[in-house]
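First comes the structure, then the notes that go with it.
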Amino acid sequence: MKLSEFIVLNEAEKKHAVMNYAVPLASRTSPGFVIFLFQMDSYYVEAYCNEGNKVIEEYCILPGINAIGHYLQAITIDGLLSRD
């Protein structure tokens, strides 16, 4: 799904798109939220999940790799490096 297509979706459609087409990459915490990072085609989407009621309250688009720097330490690549 192109970025321009995702932008115009309503919240229910964004949830459907993320749950069915995105690749989950990482998560982080912020006061009151667990924030999940997903990759969709050539952009990234953060889903802000309320810790109290477990509802996604917002989707935030991150247009490039530079925007996900704070996640890079959480993404493990150990399995890619081992040579068994």
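Points worth noting:
- Take the Cα of S42, go 7 Å toward its beta carbon, and none of the backbone nitrogen atoms of segment 19-35 fall under 14 Å from that spot.
- Total formal charge among the other residues, if their Cβ is under 9 angstrom from that of L37, Lys/Arg +1 and Asp/Glu -1: 0
- Carbon-plus-sulfur accessible fraction, the chain (probe radius 1.4 Å, protein heavy atoms only): 55%.
- With all protein chains kept in place, the per residue accessible area of the chain amounts to 69 square angstrom at a probe of 1.4 angstrom.
- Karplus-derived 3J(HN,Hα) values for segment 30-37, using 6.51 cos²θ - 1.76 cosθ + 1.60 with θ = phi - 60°, are 9, x, x, 9, 10, 10, 9, 9 Hz; glycine and proline are entered as x.
- Net charge over other residues, Cβ less than 13 angstrom from the Cβ of Y48 (K, R count +1; D, E count -1): -1
- A Stokes-Einstein calculation at 10 °C with viscosity 1.306 mPa s, built on the Kirkwood radius of the chain over Cα pairs, returns a diffusion coefficient of 116 µm²/s.
- Positive minus negative residues near C60 (Lys, Arg vs Asp, Glu; Cβ under 15 Å): -1
The values are calculated or read from the model by the stated rules, or taken from the named source; none is laboratory data. Model, not experiment: these values are computed from the prediction. Positions of Cβ are generated from backbone atoms using ideal geometry, with glycine treated the same way; all protein chains shown enter the neighbour counts. Heads up: the accessible areas ignore ligands, DNA and RNA and are worked out on the full protein's heavy atoms, side chains in. Shrake-Rupley method; radii C 1.70, N 1.55, O 1.52, S 1.80 Å.
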